[in-house]
Amino acid sequence: AQSVTQLGSHVSVSEGALVLLRCNYSSSVPPYLFWYVQYPNQGLQLLLKYTTGATLVKGINGFEAEFKKSETSFHLTKPSAHMSDAAEYFCAVSDRRSNYQLIWGAGTKLIIKP
Amino acid sequence: NAGVTQTPKFRILKIGQSMTLQCTQDMNHNYMYWYRQDPGMGLKLIYYSVGAGITDKGEVPNGYNVSRSTTEDFPLRLELAAPSQTSVYFCASRRALGDTQYFGPGTRLTVL
């Protein structure tokens, strides 16, 4: 069965520092991979997704993620953190074996220190 | 487009009461979903629908029911509310399998 592991329920970085949020997945067939962001008291919105093609995917707000099949990873990065990036981030995977239902990680809360 | 809308935003129920959470989308999406979000647990799928008249159970369907009489609406019914159903509920929709899911703003439910 598919699963998603997000390392670290909380990640704290200083404003201007690199953001790295880790996501590892298990899937025995080609996956679709997603990162969503949830701001306080709001619904989830898509940051970026990988379906096929280029393994480095660029999303909104300066975020990007790289699909690494050999490492079964899809880590999210941003070169320079802003205070407005403080939110919870969710990684999700889907594939044909799950009938493309999304399987979600537990989420990582990103804290930005001034 | 309003996207996905949910009502109410907040609700407090007593144990044993019933209620319906409303979800409407105006994007003509075939696929609709109900999730619950508990702290530190990510999202769990309750029910989903692949089109009007067709629904199926997700990972955590017990204590809930759904219907899909139109493409736009996908209400979630709670019968005999229990404290374990205290959660934030999100409705989502997407056009096709593998597409982006669009989420509503959520309903925060407390059962006391």
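The values are calculated or read from the model by the stated rules, or taken from the named source; none is laboratory data. Predicted model, so just to flag it, every value in this text is computed and none were measured. In this analysis, Cβ positions are derived from the backbone assuming ideal geometry, glycine residues included, and neighbour counts consider all displayed protein chains. The protein model used for the area step is the full one, side chains on, heavy atoms only, and it has no ligands, DNA or RNA in it. Shrake-Rupley method; radii C 1.70, N 1.55, O 1.52, S 1.80 Å.
Here are the numbers for the structure shown:
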item	result
Pair list, Cβ < 8 Å and 6+ apart or interchain, from region A:86-114 residues that are more than 9 Å from chain B (Cβ to nearest Cβ) to residues that are among the acidic types (Asp, Glu) and surrounded by 16 or more Cβ atoms within 10 Å (Cβ to Cβ)	A:Thr108/A:Glu88; A:Lys109/A:Glu88; A:Leu110/A:Asp85; A:Leu110/A:Glu88; A:Ile112/A:Asp85
Test result for B:Gly16, without any contact (Cβ under 8 Å) to a residue 60 or more places away in the chain, loosely packed, with under 14 Cβ neighbours inside 10 Å and assigned to a loop (DSSP other than H, G, I, E, B)	no
Identity of the residue in region B:79-100, under 21 Å from B:Thr7 (Cα atoms), open to solvent by 20 Å² or more (accessible area, probe 1.4 Å) and part of a loop (DSSP other than H, G, I, E, B), that ends up nearest to the other protein chains (Cβ to nearest Cβ)	B:Thr86
Enumeration of residues in region A:1-32 that are at pLDDT below 95 and within 16 Å of A:Gly59 (Cα to Cα)	A:Tyr32
Residues of region B:62-77 satisfying the condition of being under 11 Å from the mean Cα position of the chain (by Cα), more than 17 Å from B:Thr110 (Cα to Cα) and either open to solvent by 40 Å² or more (accessible area, probe 1.4 Å) or within 14 Å of chain A (Cβ to nearest Cβ) (or both)	B:Asn65, B:Ser67, B:Asp73
Which listed residue, of A:Arg22, A:Arg97, is of a type in the set (Lys, Arg) and not in a strand (DSSP E or B)	A:Arg97
Count of region A:62-88 residues which are touching a strand residue (DSSP E or B) at 6+ places or on another chain (Cβ under 9 Å), of a type in the set (S, T, N, Q), over 15 Å from A:Gly16 (Cβ atoms) and exposed (fewer than 14 other Cβ atoms within 10 Å of the Cβ)	0
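Matching residues to (1) within 12 Å of chain A (Cβ to nearest Cβ); (2) among the aliphatic types (A, V, I, L, M):
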residue	(1), (2)
B:Phe10	yes, no
B:Lys14	no, no
B:Gln17	no, no
B:Thr20	no, no
B:Met27	no, yes
B:Tyr31	yes, no
B:Tyr35	yes, no
B:Gly40	yes, no
B:Leu43	yes, yes
